[in-house]
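One structure below.
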């Protein structure tokens, strides 16, 4: 994946999703308000979860690195670019 010519945001969002075992929609619509950096936790609200129950995801060291990269590279929200048709 790292050797791919895909947009950096796409690569990091994909990796973040794999590391957290989150669904693509949960990753695409994640916001900074859901992330607790000091606690290394991502809390996905119930309305975005398939089971409609809030979900807390512990963030690995690599997930934290991705989020740190995102702050200097991306907009305020983690998002995959729209599909090309």
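The values are calculated or read from the model by the stated rules, or taken from the named source; none is laboratory data. Keep in mind it's a predicted model, so treat the numbers as computed, not measured. Positions of Cβ are generated from backbone atoms using ideal geometry, with glycine treated the same way; all protein chains shown enter the neighbour counts.
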If we keep only residues of region 20-31 that are under 14 Å from residue 56 (Cα atoms) and in a helix (DSSP H, G or I), then the residue nearest to the chain's Cα centre (by Cα) is 27
Log entry, pairs with first residue in region 15-35 being farther than 17 Å from residue 68 by Cα, second being assigned to a helix (DSSP H, G or I), beta carbons closer than 7 Å, six or more apart or on different chains, reads 24/17; 25/48; 26/48; 29/48
Picking from 79, 85, 62, the residue that is at pLDDT below 90 and touching a helix residue (DSSP H, G or I) at 6+ places or on another chain (Cβ under 7 Å) would be 79
Sole miss for residue 4 among (1) touching a residue at least 12 places away in the same chain (Cβ under 8 Å); (2) in a loop (DSSP other than H, G, I, E, B) is condition (1)
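Of all residues in region 1-28, how many are within 20 Å of residue 53 (Cβ to Cβ), at pLDDT 85 or above and surrounded by 12 or more Cβ atoms within 10 Å (Cβ to Cβ)?
Number satisfying all stated conditions: 7.
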Taking region 36-55 and keeping only residues that are in contact (Cβ under 8 Å) with a residue 12 or more places away in the chain, touching a strand residue (DSSP E or B) at 6+ places or on another chain (Cβ under 9 Å) and exposed (fewer than 12 other Cβ atoms within 10 Å of the Cβ), one is left with none
